[in-house]
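One structure is given here, and the rest of the page talks about it.
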Amino acid sequence: MYQSLLRDQLETLKSSNQYRTFTTLSRLCGQYPLARLSDHHPEPVVIWCSNDYLGMSQHPCVLTEMHRALGVYGAGSGGSRNIGGSHEVYARLEASLADWHGKEAALVFPTGFGSNDATIQCLLRRIPNCVVISDELNHASIVNGIRSTPNERQIFRHSDVAHLEQILSSYQLDRPKLVVFESVYSMDGDIAPIEEIVAVAKHYNALTYLDEVHAVGMYGPRGAGIAAERGLTDQVDIIQGTMAKAIGVIGGYIASTHVLVDAVRSFATGFIFTTSLPPAITAGCLASVEHLKANSAERERLHAQTAKLRAYLQQHDIPVMPCSQTHVLPVLVGEAKRCKSAAERLLHTHGVYLQPINYPSVPVGTERFRVNATPNHSDAQIEHLAVSLRETFEHFSIPLASQVFSAEVA
């Protein structure tokens, strides 16, 4: 009975073209963004949808520190930080992250999903009668943290400050409130109106929780994110980030006041009862953060290559969705089956790896490729991508930008 129930659900997923398949990509160290598919495909392919935004996963400073830490400390951490001990490299990383965001303290988690999930659950359970107000496009980790508690919850329309204020104003000023939103939204590439959201939240006595995972390393002074770029860091109560994207390794964190961070450290079950990051991983994260704080070359080239990619896609009439304001360029396909077929043709005919993004990650009818250049992508690779997309769109009769958008795109 149980097998049958699950098999039926999987078949429904497959019939709706929402079933996810894995592409085996063996990334080539020192040759990013190149990867090999398998021994049967000797020619490498070019990755165009990695969250390794700055190529830091293969930066010499990161690899050197990880190798050194592995030799000194071994492979694993030995358990949770309460049981296995809190290694000195954790304290150094947390001090570096707190400094990066101009906060009193920081706390590191094994993943970015975990830092959102555990922190939000903890705050909602520990602040009596707290209502949470969340942007409708917030990440699944945020949604999961909210749904795991019995707290009252409200959803405001994406980046709609007026709707947020309407919700906040319906509660008494002394009712605890938590407003959760992101700076850069990864599927649309847009930026939240952080200043307006924070101002409204403060007016109604609400805590603000800002997810900066798609911004840290790439925006703002020392790469500290969009809030830092706009001079708003001190006005945001809690900043959450990841070390799995621009930092290039893995792990999540929060940065806030001593009291708030200590409360999460002391009460969050998702932190207390999970094994900590291995010392070698933590050392790699620290090396990457310190490099990005002191050097701007990677993010400057990222933005330069992104501008070139936008220009080439526009030149070839590729429909970049006009919501994009950042390094994330969503290319509209608009139908799940064609999106999957187009991805297969790009990979096997053109040597281009793009993962189809279908429902529920994005609404039905807005299926897309989520494209991003990195500092490691060459001008020739950018031009090749644009030409390959144009040929693939024509092959499957996917509408081009001039057919989809009435206004100029990209």
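Residue pairs, Cβ under 7 Å, 6 or more apart or interchain, first in segment 233-260 and on the phi > 0 side of the Ramachandran plot, second open to solvent by 10 Å² or more (accessible area, probe 1.4 Å) and of a type in the set (Ser, Thr, Tyr). List them.
GLY248/SER57; GLY251/THR111
Please find, among LEU63, LEU107, LEU54, the residue that is modelled with pLDDT of 95 or more, closer than 30 Å to LEU347 by Cβ and in contact with an Asp or Glu (Cβ under 7 Å, 6 or more places away or on another chain). It would help to see each step written out before you state the result.
Details: LEU63 fails: in contact with an Asp or Glu (Cβ under 7 Å, 6 or more places away or on another chain); LEU107 fails: closer than 30 Å to LEU347 by Cβ.
The conditions single out LEU54.
Cβ-Cβ below 8 Å, separation at least six or inter-chain, first residue in segment 134-161 and outside any helix (DSSP H, G or I), second among the β-branched types (Val, Ile, Thr) and open to solvent by 30 Å² or more (accessible area, probe 1.4 Å): which pairs?
SER134/VAL143; SER134/ILE155; ASP135/ILE155; GLU136/ILE155
Give me the residue from segment 344-377 that is among the small types (Gly, Ala, Ser) and at pLDDT below 95 and, out of that set, nearest to SER186 (Cα to Cα).
For segment 344-377, the residue satisfying everything is SER361.
LEU389 fails exactly one of the following numbered conditions: (1) of a type outside the set (Phe, Trp, Tyr); (2) in a helix (DSSP H, G or I); (3) in contact with a strand residue (DSSP E or B) (Cβ under 6 Å, 6 or more places away or on another chain); (4) under 16 Å from ARG310 (Cβ atoms). What is the number of that condition?
The failed condition is (3).
Does GLU344 qualify as being open to solvent by 70 Å² or more (accessible area, probe 1.4 Å), in a helix (DSSP H, G or I) and closer than 27 Å to MET218 by Cα?
Values: open to solvent by 70 Å² or more (accessible area, probe 1.4 Å): yes; in a helix (DSSP H, G or I): yes; closer than 27 Å to MET218 by Cα: no.
The answer is no for GLU344.
Here is a yes/no grid of residues against (1) touching a residue at least 40 places away in the same chain (Cβ under 8 Å); (2) buried (at least 22 other Cβ atoms within 10 Å of the Cβ):
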position: ARG265; (1), (2): yes, no
position: THR282; (1), (2): yes, yes
position: LEU286; (1), (2): yes, yes
position: VAL289; (1), (2): yes, yes
position: SER296; (1), (2): yes, no
position: ALA304; (1), (2): no, no
position: CYS323; (1), (2): yes, no
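In this structure, does ILE239 turn out to be within 24 Å of GLY114 (Cα to Cα), of a type outside the set (Ser, Thr, Tyr), open to solvent by less than 10 Å² (accessible area, probe 1.4 Å) and touching a Leu at 6+ places or on another chain (Cβ under 6 Å)?
Values: within 24 Å of GLY114 (Cα to Cα): yes; of a type outside the set (Ser, Thr, Tyr): yes; open to solvent by less than 10 Å² (accessible area, probe 1.4 Å): yes; touching a Leu at 6+ places or on another chain (Cβ under 6 Å): yes.
So ILE239 fits the description; yes.
From the list TYR219, TYR171, TYR204, pick out the single residue that is of a type in the set (Phe, Trp, Tyr) and either under 22 Å from the mean Cα position of the chain (by Cα) or open to solvent by less than 20 Å² (accessible area, probe 1.4 Å) (or both).
TYR219
Just checking, which of SER86, SER80 is outside any helix (DSSP H, G or I), in contact (Cβ under 8 Å) with a residue 40 or more places away in the chain, open to solvent by 60 Å² or more (accessible area, probe 1.4 Å) and closer than 29 Å to ILE146 by Cα? Outline the logic, then answer.
Working: SER80 fails: open to solvent by 60 Å² or more (accessible area, probe 1.4 Å).
That would be SER86, the only listed residue that is outside any helix (DSSP H, G or I), in contact (Cβ under 8 Å) with a residue 40 or more places away in the chain, open to solvent by 60 Å² or more (accessible area, probe 1.4 Å) and closer than 29 Å to ILE146 by Cα.
Return the pair list, or none, for Cβ contacts closer than 7 Å from residues in segment 376-403 that are without any contact (Cβ under 8 Å) to a residue 60 or more places away in the chain to residues that are among the basic types (Lys, Arg) and open to solvent by less than 70 Å² (accessible area, probe 1.4 Å), at least 6 apart or on different chains.
THR392/ARG345; HIS395/ARG345
Run down ALA224, ALA192 and say which single residue is among the aliphatic types (A, V, I, L, M), open to solvent by less than 10 Å² (accessible area, probe 1.4 Å) and touching a strand residue (DSSP E or B) at 6+ places or on another chain (Cβ under 7 Å).
Step by step, each of ALA224, ALA192 is checked, and only ALA192 is among the aliphatic types (A, V, I, L, M), open to solvent by less than 10 Å² (accessible area, probe 1.4 Å) and touching a strand residue (DSSP E or B) at 6+ places or on another chain (Cβ under 7 Å).
Restricting to segment 219-233, and then to whatever is of a type in the set (A, V, I, L, M) and in a loop (DSSP other than H, G, I, E, B), can you tell me which residue is farthest from VAL328 (Cα to Cα)?
Among them, the one singled out is LEU232.
The values are calculated or read from the model by the stated rules, or taken from the named source; none is laboratory data. Note that the structure is predicted; figures quoted are calculated from it, not measured. Cβ coordinates were reconstructed from backbone atoms using ideal geometry, including for glycine residues, and neighbour counts include every protein chain displayed. The protein model used for the area step is the full one, side chains on, heavy atoms only, and it has no ligands, DNA or RNA in it. Shrake-Rupley method; radii C 1.70, N 1.55, O 1.52, S 1.80 Å.
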